[in-house]
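Have a look at the structure below before the remarks.
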Amino acid sequence: MPSDRIEIRDLSKTFDRDGQSVLALTGVNTSFARGEFVTLFGPSGCGKSTLLRLLAGLERQSTGEIRLFGQTPAEASRLKNIAWVPQSPGLLPWASLRANVRLSERLNRRADRAPDRRRTPEDADEVLRDLGLEDFAEARPAQLSGGMRQRAAIARAFVQGAELMLMDEPFSALDELTRDAVRLRLLQVWEKHRKTVIFVTHSAAEAVMLSDRVVVMTPRPGRVFREVPIDLPRPRTPDVLDSPAFDAKLREVKHVLRAGWEDAP
Amino acid sequence: MKRSMKRPVRRPVKRLPPALLHWLAPALLFFLIYLGWQWIALNFKSILPPFGALGAEFLSRPGFYFDNLLATLQAALTGFALGSGLALVLAVLAVYFTVLRAAIVPVALLLNVTPIVAISPALIVAFGFNAVPHIIVAAIAAFFPMLINAMSGLRKVDRETLDVFNAMSASPMEIFLRLRLPGALPEIFAGAKLAITAAMVGAIVSEFMGTSRGIGATIVMATTFLNLAQMWVAIFVSALTSLALIGLVVLVERAVIRW
Ligand SMILES: Nc1ncnc2c1ncn2[C@@H]1O[C@H](COP(=O)(O)OP(=O)(O)O)[C@@H](O)[C@H]1O
Ligand SMILES: [Mg+2]
């Protein structure tokens with residue numbers, strides 16, 4: 001298996017809920033390249049979070065195999081090589097913003113000494129600057145707006161410098177205008193570092209704007225319906241985002257999603 | 001309708017600033033209580049002593065009251081340290097061992113509903129006429145509020161932050177020290193405030209028997225001699241001391257919790 005790809009084979013996940021088994025994910029086969037920005041896109045309950053949690057090693061799959069650049073999720077996690085950005089920012093309220101974005105330096109120190117370590121941690125102050133948070137490094141999360149906190153969660157992931165970044169609807173709690181601003185920030189920082197990102201959303205515009213590829217999923221049971229490559233030029237400047245090509249891609253993704261609905265049992 | 005469009009004109013009313021009102025209201029209430037007290041004291045001498053008599057009683061022998069307060073404080077604070085310390089340890093263990101949690105909660109509840117006065121004589125029989133029974137009663141009194149608060153604080157942890165920790169394989173110790181424990185501090189301090197008051201009450205009630213020293217003993221002694229002034233000075237000394245102890249906990253809390 002080539003070690004510069006993320007490979008997912010025959011993946012499925014069954015949850016046990018009150019004695020009943022729930023098939024959350026079935027027959028997922030796909031593969032992503034290093035440095036790709038991939039979006040998992042689909043309606044609520046189609047297994048996006050489940051797939052992401054399996055990739056992070058936060059859950060164990062029922063069947064199938066995952067290889068993150070040749071390693072299992074557990075191995076990559078042990079090397080601190082997976083950065084997780086949750087839906088709520090998940091910041092420590094008692095720590096300053098700088099201490100929060102440097103969390104990875106405080107945890108799992110064994111990973112820093114591992115001979116096979118692969119992460120390249122970034123400078124916290126530089127990442128804070130890139131995300132427009134440099135003036136708030138000493139502030140505590142409670143003193144910040146929702147958009148700033150979410151940017152801090154993203155900063156924390158970039159400072160960790162993991163090869164793989166997993167983001168589960170990180171902007172869904174923000175209002176539309178803030179969302180737009182934070183997306184642009186993420187785009188800029190990502191285009192600078194080019195880490196592999198797997199990003200979950202149920203917004204078609206967000207998916208098209210950010211990604212190189214949109215993985216459209218359908219529910220009951222959750223599975224991958226189709227993948228849409230987003231071959232819009234980078235950097236995704238405002239010109240690109242306002243172009244007819246962007247609108248065409250957006251329509252295509254929405255169309256595929258609808259087809260997925262009709263296809264579903 | 002035209003009439004409903006009309007806004008009612010508000011005349012600016014001269015109001016006291018809220019901060020002043022905040023202080024004035026309780027001060028006024030205290031003053032009313034004082035007036036009521038004095039009225040009773042002057043008309044029914046056997047119910048309450050006048051405040052002047054209280055002041056005179058205290059100033060005539062402050063050393064006597066400090067001595068007895070010291071004895072009570074020793075029992076209360078030792079009991080607080082032991083009771084709430086044990087509660088904290090158990091609360092931490094209960095996070096990781098659900099069996100332990102299932103075991104201690106009913107026992108703690110039973111301990112909590114057992115009237116302390118009922119345990120006290122048994123402890124005096126067991127441990128004799130020394131400080132040990134009073135320390136134990138104070139410890140039992142402090143145990144429950146700390147246990148309940150610490151357990152509830154330590155049990156809840158932000159799931160999404162926990163995911164962040166787990167995704168980078170943080171150790172259980174790191175999760176405890178960097179996530180669970182700091183998150184539980186507000187509840188632990190709430191428990192400490194309740195526990196330290198309970199320890200004071202426990203120590204005093206326990207001193208009603210089996211000792212000649214302490215605020216509790218002072219109150220009992222005053223009853224024997226129908227010395228109303230002594231009784232009420234002892235009560236006020238213990239109340240003010242409890243208040244000061246809570247204040248001390250709040251000071252530590254403010255120093256530790258800065259978010
Ligand atoms: N821990 C769990 N226990 C039981 N069922 C779960 C659990 N997590 C997810 N599910 C179920 O799996 C399905 C997919 O959920 P999820 O991955 O959260 O979807 P999405 O993120 O796309 O909204 C849903 O039917 C959900 O109820
Ligand atoms: Mg989800």
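The values are calculated or read from the model by the stated rules, or taken from the named source; none is laboratory data. What you are looking at is a predicted structure, and each value in this text was computed from that prediction instead of being measured. Every residue, glycine among them, receives a Cβ derived from its backbone with ideal geometry; neighbour counts consider all protein chains shown.
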Hey, could you check region A:12-61 for residues that are among the hydroxyl-bearing types (S, T, Y) and farther than 12 Å from A:V215 by Cα and say which is farthest from the chain's Cα centre (by Cα)? A:S21
Would region A:155-169 turn up any residue that is touching a Ser or Thr at 6+ places or on another chain (Cβ under 8 Å), within 16 Å of ligand 1 (Cβ to nearest atom), at pLDDT below 95 and closer than 22 Å to A:R53 by Cα? no
Can you tell me which residues in region A:170-186 are of a type in the set (A, V, I, L, M, F, W, C) and surrounded by fewer than 18 Cβ atoms within 10 Å (Cβ to Cβ)? A:A173, A:L177, A:A181, A:L184
Any residue at all in region A:90-105 that's within 16 Å of ligand 1 (Cβ to nearest atom), within 14 Å of another protein chain (Cβ to nearest Cβ), touching a residue at least 40 places away in the same chain (Cβ under 8 Å) and in contact with a helix residue (DSSP H, G or I) (Cβ under 8 Å, 6 or more places away or on another chain)? no
Among A:V208, A:V224, the single one that is more than 16 Å from ligand 1 (Cβ to nearest atom) and β-branched (V, I, T) is A:V208
Please indicate, with yes or no, whether at least one residue in region A:190-201 is within 16 Å of ligand 2 (Cβ to nearest atom), under 27 Å from A:K80 (Cα atoms), within 14 Å of chain B (Cβ to nearest Cβ) and within 16 Å of the chain's Cα centre (by Cα). yes
Restricting attention to strands (runs of 3 or more DSSP E) lying wholly within region A:1-107, give those where 1 or more residues are within 16 Å of ligand 2 (Cβ to nearest atom). A:5-17, A:20-33, A:37-41, A:82-85
Return the pairs, sorted by first residue and then second, in which the second residue is among the basic types (K, R), the first residue lies in region B:70-87 and is part of a helix (DSSP H, G or I), the beta carbons are less than 9 Å apart, and the residues are 6+ apart or on different chains. B:L70/B:R213; B:A71/B:R213; B:T72/B:R213
Quick one: in region B:143-181, of everything that is facing another protein chain (nearest Cβ under 10 Å) and among the hydroxyl-bearing types (S, T, Y), which residue is farthest from B:I196 (Cα to Cα)? B:S169
Which members of region A:142-159 meet the condition of being of a type in the set (S, T, N, Q) and closer than 21 Å to A:T39 by Cα? A:Q150
